[in-house]
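Peer 1: Take a look at the following structure, please.
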Amino acid sequence: MYVPAHFEETRPEVLRRLIHDHPLAALVTLGSDGLNANHIPMELDADPAPLGTLRGHVARANPVWRDFSPGVDALAIFQGPQAYVSPAWYQTKQETGKVVPTYNYAVVHAGGPMRIIEDRAWLGAFVERLTNRHEAGRPQPWKVTDAPADFIEHMLGAIIGIEIPLTKLAGKWKVSQNRPATDLDGVVRGLKESGAPAMADLVKEAAGAAKPHKD
C-alpha cells in the first residue's frame, strides 16, 4: 500500500479501533491459481504484543484453508469510513479555481502467516465470543446455547478456524490533511450535508495538524 507520510496512521489504538468498528475483512491469500480474496468478519486479540493476532473462520467447503501458500503472508484489509470529496467545498475554488475532486478513506492492512485450526473447542469458543460481541447491543441477545447442542455441533463441523499472528499492521487515513486549513471547514460541512458524518469527523480530527501537500 502506498502511504505518503502525511496520510500514515501508526497509533495502535486507532488501528485497533477501526478493525473493531469495521470487522469485515478482505482476506487476501496466494493460492494455486493466484491471488484469492475472501470476505470474513475477524476479531483482533491484542496478544501477543506488539501487534496481536487476527482470528476468523470460513466454511469448510471454502478451498482457501487448503489452497494457500504457507510461506507467503496473508493480508487482511479493513475498510473504514470513505467518501467522495467535491472541489466545490474548498475555499480555494473561490480564490484560484485550481482544485480537483478526490476520495477520502481510512484503511488498515494487517498481515502475517496464516494458520488453520480444526479444533472443535477452539471453534466453539471463538464462535461464542464472536456471537456475544455482535449480539451485545440487542434487547434480547441471541446466544449460541439458544440452539440445540447437536445442531451447533454439526455447524461447528462445517467451519474451519483461521488465525494470523500479525507481523505487519499499517494504517492510511486519507482525510484531507493535504488541503489548506481554509478548505477544511467546507470539507467537513460538505461531508455532513452529503451523508458522510463519519468521514466528516475524521477530517475534523485531523484538521488541526493539516499541512498542504500534493495528492
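Peer 1: Report the full-extension gain for the segment Asp119 to Val14: residue separation times 0.36 nm, less the Cα-Cα distance, to one decimal in nm. Don't skip to the answer; put the middle values down first.
Peer 2: Details: separation 105, 0.36 × 105 = 37.80 nm, distance 3.21 nm.
Taking 0.36 nm per residue and subtracting the Cα distance, the gain is 34.6 nm.
Peer 1: Convert each backbone phi in segment 195-207 into a coupling constant with the Karplus relation 6.51 cos²θ - 1.76 cosθ + 1.60 (shift: θ = phi - 60°), then list the ³J(HN,Hα) values in order as whole Hz, x for Gly and Pro.
Peer 2: Using θ = phi - 60°, the values come out as x, 10, x, 5, 5, 4, 5, 5, 5, 4, 5, 8, 4 Hz.
Peer 1: Where in segment 15-99 are there trypsin sites (Lys or Arg not before Pro) that are in a DSSP coil and have at most 16 other Cβ atoms within 10 angstrom of their Cβ? Spell out each step's value before the answer.
Peer 2: On the way: sites: Arg16, Arg17, Arg55, Arg60, Arg66, Lys93, Lys98; in loops: Arg60, Arg66, Lys98.
Listed in order of number, the matching sites are Arg60, Arg66, Lys98.
Peer 1: I want to check the label-to-label distance for Trp142 and Leu24. Put each point 7 Å from Cα in the C-beta direction and report it in nm to one decimal.
Peer 2: 1.7 nm
Peer 1: Of Ala5, Ile162, Val108, which is farthest on the positive side of the dipole of the chain, counting Cα position, with +1 on Lys and Arg Cβ, -1 on Asp and Glu Cβ, and the Cα centre as origin?
Peer 2: The Cα lying farthest towards the positive end belongs to Ala5.
Peer 1: Near the amide H of Gly52, under 5 Å away, which other amide H atoms are found, from residues 5 or more places off or on another chain, if H is placed in the peptide plane?
Peer 2: So Gly52 has HN proximity to Leu166.
Peer 1: In addition: What residues qualify as long-range amide H neighbours of Ala25, i.e. H under 5 Å apart, gap of 5 or more or another chain, H built at 1.01 Å from N?
Peer 2: Amide H neighbours of Ala25: Ile40, Met42.
Peer 1: Do the alpha carbons of any pairs in Lys98/Lys204; Lys168/Lys204; Lys143/Lys172; Lys143/Lys174; Lys172/Lys192; Lys93/Lys174 sit beyond 32 Å of each other, and which pairs? Intermediate results must be reported in sequence, preceding the final value.
Peer 2: On the way: Lys98/Lys204 23 Å; Lys168/Lys204 28 Å; Lys143/Lys172 36 Å; Lys143/Lys174 39 Å; Lys172/Lys192 22 Å; Lys93/Lys174 20 Å.
The pairs that break the limit, which is 32 Å between Cα atoms, are Lys143/Lys172; Lys143/Lys174.
Peer 1: May I ask you to evaluate 6.51 cos²θ - 1.76 cosθ + 1.60, the Karplus curve with θ = phi - 60°, for each residue of segment 49-65 and list the ³J(HN,Hα) values in order in whole Hz, giving x for glycine and proline?
Peer 2: Calculated HN-Hα couplings, in order: 5, x, 9, x, 9, 8, 9, x, 8, 10, 5, 4, 6, 6, x, 4, 6 Hz.
Peer 1: What residues have an amide H closer than 5 Å to that of Met114, excluding those fewer than 5 places away on the same chain, when H is modeled at 1.01 Å from N in the peptide plane?
Peer 2: The list, which skips near neighbours in sequence, is Ala74.
Peer 1: Additional query: With no solvent and one point per C-alpha, what does the Debye sum give as log10 I(q)/I(0) for segment 1-149 at q = 0.21 Å⁻¹?
Peer 2: Relative scattering, expressed as log10 I(q)/I(0), comes to -1.43.
Peer 1: Please list, in order along segment 116-127, the HN-Hα scalar couplings obtained from phi with the Karplus expression 6.51 cos²θ - 1.76 cosθ + 1.60 (θ = phi - 60°), rounded to whole Hz, x for Gly and Pro.
Peer 2: With the stated coefficients, segment 116-127 comes to 9, 10, 10, 4, 5, 5, 4, 4, x, 5, 5, 4 Hz.
Peer 1: So between Ala59 and Thr167, what do we pick up on full extension, going 0.36 nm a residue minus the alpha carbon distance? Spell out each step's value before the answer.
Peer 2: On the way: separation 108, 0.36 × 108 = 38.88 nm, distance 2.54 nm.
This chain segment gains 36.3 nm when fully extended.
Peer 1: Using Cα centres only, tell me the gap between segment 134-160 and segment 1-80 in whole Å.
Peer 2: Going from one Cα centre to the other spans 24 Å.
Peer 1: Just Leu166, Leu156, Leu27 to compare: in a GNM of the chain, with alpha carbon springs under 10 Å, which one fluctuates most?
Peer 2: Most flexible of the set in this elastic network: Leu156.
Every number here is computed from the coordinates shown, using simple stated rules; none is lab data. This structure is a prediction, so every number in the text was calculated from the model and none was measured. Reconstructed Cβ throughout: ideal geometry from the backbone, glycine too, with neighbour counts over all protein chains shown.
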